[in-house]
1. If you scan region A:2-20, which residues turn out to be within 14 Å of chain B (Cβ to nearest Cβ) and touching a Gly at 6+ places or on another chain (Cβ under 8 Å)?
2. Would you tally the residues in region B:82-104 being at the interface with chain A (Cβ under 7 Å from one of its Cβ atoms), closer than 24 Å to B:Ala163 by Cα and among the polar types (S, T, N, Q)?
3. Name the helices (runs of 4 or more DSSP H) wholly within region B:297-412 that hold at least 1 residues that are at positive phi, exposed (fewer than 15 other Cβ atoms within 10 Å of the Cβ) and without any contact (Cβ under 8 Å) to a residue 24 or more places away in the chain?
4. Which condition number in (1) buried (at least 24 other Cβ atoms within 10 Å of the Cβ); (2) within 14 Å of chain B (Cβ to nearest Cβ); (3) hydrophobic (A, V, I, L, M, F, W, C); (4) closer than 19 Å to A:Ala30 by Cα is the one that A:Ile160 fails?
5. Is there any pair linking a residue in region A:84-101 that is under 23 Å from A:Glu119 (Cα atoms) to one that is aromatic (Phe, Trp, Tyr) and surrounded by fewer than 24 Cβ atoms within 10 Å (Cβ to Cβ), with Cβ under 7 Å and at least six apart or on different chains, and which?
6. Output the residue which, of all residues in region A:123-139 that are touching a Lys or Arg at 6+ places or on another chain (Cβ under 8 Å) and either of a type in the set (Phe, Trp, Tyr) or within 11 Å of chain B (Cβ to nearest Cβ) (or both), is nearest to A:Val26 (Cα to Cα).
7. Quick one: in region B:61-81, of everything that is outside any helix (DSSP H, G or I) and facing another protein chain (nearest Cβ under 7 Å), which residue is farthest from B:Gly138 (Cα to Cα)?
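The values are calculated or read from the model by the stated rules, or taken from the named source; none is laboratory data. Predicted, not measured: the structure shown is a model, and the values here were computed from it. Here the Cβ positions follow ideal geometry from the backbone for every residue, glycine too, while neighbour counts run over all protein chains shown.
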Number of protein chains: 2
Amino acid sequence: MARIVMKFGGTSMAGIDRIRRVAQIVKQQADAGHEVAVVVSAMAGDTDRLVNFCREASSLYDPAEYDVVVASGEQVTSGLLAIALQSLGAKARSWLGWQMPIRTVEAHSKARIDSIDGEALTAAMQSGEIAIIPGFQGLSEDGRVTTLGRGGSDTSAVAIAAAVKADRCDIYTDVDGVYTTDPRIVTRARKLNKVTFEEMLELASVGAKVLQTRSVGLAMKEGVRIQVLSSFTDENTNWTADDLPGTMIVGEDEMEIEDMERQLITGIAHDKNEAKITLTRVPDKPGAVATIFAPLADAAINVDMIIQNVGREKGETDVTFTVPNVDLDRAMQVLEEAKGKIGFNRLIPDTNVAKISVVGVGMKSHAGVAATMFKALAERGVNIQAITTSEIKVSVLIEEDYTELALRVLHTAYGLDAEDAA
Amino acid sequence: MARIVMKFGGTSMAGIDRIRRVAQIVKQQADAGHEVAVVVSAMAGDTDRLVNFCREASSLYDPAEYDVVVASGEQVTSGLLAIALQSLGAKARSWLGWQMPIRTVEAHSKARIDSIDGEALTAAMQSGEIAIIPGFQGLSEDGRVTTLGRGGSDTSAVAIAAAVKADRCDIYTDVDGVYTTDPRIVTRARKLNKVTFEEMLELASVGAKVLQTRSVGLAMKEGVRIQVLSSFTDENTNWTADDLPGTMIVGEDEMEIEDMERQLITGIAHDKNEAKITLTRVPDKPGAVATIFAPLADAAINVDMIIQNVGREKGETDVTFTVPNVDLDRAMQVLEEAKGKIGFNRLIPDTNVAKISVVGVGMKSHAGVAATMFKALAERGVNIQAITTSEIKVSVLIEEDYTELALRVLHTAYGLDAEDAA
């Protein structure tokens with residue numbers, strides 16, 4: 001018997017038929033003797049509808065009133081799931097953000113969870129009542145509705161799991177787990193049984209959008225074991241530790257030695273949402289690079305990879321870096337405005353790039369990961385435009401057209417290919 | 001300078017363009033120096049959508065969770081109106097039912113307002129901030145969301161007007177006031193400048209659905225002056241007591257002597273939502289009628305007009321009465337089940353009936369109202385099937401096909417026709 005927090009996303013809650021299906025999955029766990037809390041998203045599309053209302057009402061909408069409007073989506077689904085569970089004969093009730101309460105701090109529309117009083121919730125769960133909590137919402141210090149920002153429901157689920165000291169937090173989604181790479185591109189991709197928080201953070205931050213990065217960070221800090229699994233799987237009650245229905249995200253201490261050693265590399269992610277900017281003929285003198293990145297930082301534009309080449313002329317250099325695609329126009333504008341101060345010749349944007357990252361905790365104690373990568377890519381004529389590394393990750397920037405080829409080549413090179421796949 | 005509560009219905013809130021229009025109407029009042037609170041309904045159709053979700057989830061839905069779901073509609077519009085007002089440069093914020101709070105008692109989905117703490121709201125209004133309150137919702141004694149039942153937003157508005165001691169409660173709707181009779185049927189119908197609470201109650205209860213009956217009763221009890229007016233009228237700030245944009249509903253003490261004496265009859269209402277049931281050959285003995293109406297009362301079916309005729313045979317009688325159309329099938333079933341106990345011969349339903357009511361406080365001190373009615377209808381061959389009277393109302397049941405004719409004939413007979421109309 002365990003205490004479980006289950007979380008269902010917008011696709012799983014889209015319409016009464018799917019909510020009824022979710023109710024069945026939840027009831028299976030309750031019937032198996034577990035204490036259950038459920039965190040729900042709004043119906044798919046509903047949050048967009050509500051956000052658009054706010055934007056139509058005013059482009060400069062008050063975030064406090066935006067929160068009042070958009071938080072209603074999760075309120076609706078939590079009430080409906082309670083009704084659907086009751087109709088299956090289960091005891092269930094909804095707990096709105098202000099009722100528990102889920103106390104948040106900082107700005108409206110992107111609040112951060114400060115504390116959750118888990119006492120009433122724990123008591124309800126112990127009494128056999130299924131607690132249903134709208135994700136994404138909380139209560140501000142002055143008693144108003146807050147929301148956590150898009151995708152915040154994963155974070156709500158992890159925070160509630162921590163507050164009620166749950167044995168694990170099951171995040172139900174439209175994929176059945178975390179894969180060695182994107183299975184839509186690489187048919188030999190394998191579902192992972194376990195990954196560490198650190199690996200998941202790196203995979204999430206480079207485009208494997210199974211979980212919101214924030215929620216993984218919180219789970220790591222609070223020691224909440226997360227399982228990612230599909231709400232479209234038929235039976236989720238009977239499984240063994242070696243044959244999980246999804247992927248368990250755990251601390252490194254929970255990884256078996258054989259898990260750690262088996263693979264140097266856990267997964268390979270790709271991200272097409274970056275753009276490259278090159279500044280040519282920047283004066284090659286102390287402080288020059290600061291004049292480029294200071295105005296970008298002031299504009300809250302996140303810069304990722306940075307490369308500095310030697311320019312064609314003496315005393316000059318080319319500087320290349322990447323920014324998120326959505327920030328490209330703004331970054332170009334900021335740099336044009338600072339042109340006098342920086343003193344570059346040309347500003348060249350390039351959206352035709354992709355970032356490929358190989359991730360694995362095994363990397364810490366092994367050399368040669370980068371060498372394998374460069375060799376495998378070079379053999380297929382894939383040019384590397386930039387490189388960054390972290391303790392458990394090596395990322396390269398390549399031309400976007402080679403993304404799929406690079407993923408397949410590297411998946412094979414690191415020995416990740418499934419044996420039984422076609 | 002006055003303190004005003006303004007209420008806007010679902011049609012006025014249907015979509016951002018209309019909400020923006022409402023914001024302009026509200027801002028006019030604030031700009032004129034008034035202290036303003038606004039009560040809003042959900043967007044037209046939105047409550048139906050949410051109610052249907054609950055019904056789909058379970059025909060026996062939990063009313064507490066139903067309240068969580070349907071209360072979200074007004075939450076959305078209150079946030080959006082706040083945003084729209086702010087974009088016009090006004091200070092505004094939303095106050096949800098649990099934030100004020102609006103304390104309610106009794107059952108979920110049909111709660112009754114118990115008390116409203118108007119202090120914070122009054123302070124906000126005095127500071128020049130427009131307070132926006134979602135109608136229809138409140139907070140139960142155990143801290144859960146409640147709703148007041150369909151049409152409850154009018155009641156919310158009147159209760160808030162009482163709590164903040166408002167000078168009046170303006171109910172904006174899709175008609176520009178209360179008319180002497182339905183202007184879609186009788187072209188010579190006139191808009192009334194003032195009616196009393198009592199008259200409005202009688203008119204509302206017999207089908208002039210401008211205001212929810214409950215809200216008028218509450219306004220009478222709390223002494224809240226209500227004005228009914230159209231949200232489609234252009235300018236609502238400049239008016240005189242003799243030339244109101246809408247219809248003011250006030251206590252009898254506020255009626256001028258000339259208002260009272262001018263017209264015996266204030267208005268004529270019709271109601272096609274009743275059905276007639278006749279039981280033939282019921283034993284004519286003490287207690288027989290009780291055996292008919294006791295099971296109907298147990299089934300919470302409201303019986304209105306009752307007529308008892310002498311039957312064809314001695315010791316037998318025919319009993320006729322009316323019930324709401326929606327309850328007809330259930331009433332027939334209840335009576336069939338009690339047939340053995342009641343001992344009637346046949347059970348005859350008839351939905352082809354309409355109730356016509358003439359209403360007026362002047363009636364109290366005048367005779368002949370009923371006589372004028374019967375004579376005018378008889379002259380046009382309209383047969384009267386049943387009659388009921390109250391202190392300020394006379395109602396008759398007629399064949400439904402004669403409804404429009406009866407309204408026109410009576411409107412003329414009581415001297416209500418507008419002089420300038422075609």
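1. Selection gives A:Ala14 alone.
2. Total meeting the criteria: 2.
3. Details: elements: B:328-337, B:339-342, B:369-379.
Answer list for region B:297-412: none.
4. Unmet condition: (2).
5. A:Trp98/B:Trp98
6. The selected residue is A:Ile132.
7. The initial filter retains those residues of region B:61-81 that are outside any helix (DSSP H, G or I), namely B:61-62, B:71.
Still in the running and facing another protein chain (nearest Cβ under 7 Å): B:61-62.
Details: B:Tyr61: 19, B:Asp62: 17 Å.
By that ranking, first place goes to B:Tyr61.
Residue-by-condition table, conditions (1) within 26 Å of B:Arg150 (Cα to Cα); (2) modelled with pLDDT of 90 or more; (3) surrounded by fewer than 23 Cβ atoms within 10 Å (Cβ to Cβ):
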position	(1), (2), (3)
B:Glu222	yes, yes, yes
B:Asn236	no, no, yes
B:Met255	no, no, yes
B:Gln263	no, no, yes
B:Gly267	yes, yes, no
